[in-house]
Amino acid sequence: MHRFRTVPVHTDEPRAEAELSLKSVASTAWGARIRALLKSRMLRFAVVGGVGTVVNTAVLYVLHGLLGVPLLAASAVAVEVAVVNNYLLNDWWTFTARAPSLRRFGKFNVSMLTGLGVNVLVLWILVHGGVPLMPANVLAIGAAFAVNYASSALWVWDGSRGSAR
């Protein structure tokens, strides 16, 4: 069992006391676990996915909302811009590849299309099975995330074991 060490603080400032408390927590086993989680490839992959969602939404808004590009065309372009963004970030940050490659990019696109198919299929099955739409959507997103991460880690980047930066 882990115990936290009490750090005597000789100040009247609560902020300094809080900072010392955080520093003492960071130096414990919990701090090591938190640092390991932040270096986790799966977490990095999820963060990149979040960034991709923002990129997709911004591009869709500009193309359709501001420029009047038809919705389907704007959505297709927004998705592909987000896929390119996600590929580059995952290549550099998540899987720490030496340089981007067209081969990996093609595989990543196929992987993301597979994830899309899983998402739509799981959503359809759950909704038609009586699960309400929003919980079904969250479960479908989770299933697609698992497929996307597994295919990226094991196929797109060939089980790359490069160290996290």
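Mind running the shape call on the stretch 43-115? Use the C-alpha gyration tensor, a ≥ b ≥ c as the square roots of the eigenvalues: rounded below 1.5 for a/c, prolate if a/b tops b/c, oblate otherwise. Prolate, because a/c is 1.5 or more and a/b exceeds b/c. Local charge for ARG104 was computed over the other residues whose Cβ lies under 15 Å away, with Lys and Arg +1 and Asp and Glu -1, and equals +1. To put it simply, the accessible area of the stretch 36-165 at a 1.4 Å probe is 76 percent carbon and sulfur.
Here the Karplus relation 6.51 cos²θ - 1.76 cosθ + 1.60, evaluated at θ = phi - 60°, turns the backbone of the stretch 71-79 into coupling constants of 3, 5, 5, 4, 5, 4, 5, 4, 4 Hz, with x for every Gly and Pro.
The values are calculated or read from the model by the stated rules, or taken from the named source; none is laboratory data. Only a predicted model underlies this, so the values are computations on that prediction, with no experimental measurement involved. When we count neighbours, we look across all protein chains shown, and the Cβ atoms used for this are built from the backbone with ideal geometry, even at glycine. These area figures cover heavy atoms from the full protein model, side chains too; ligands, DNA and RNA do not enter into them. Shrake-Rupley method; radii C 1.70, N 1.55, O 1.52, S 1.80 Å.
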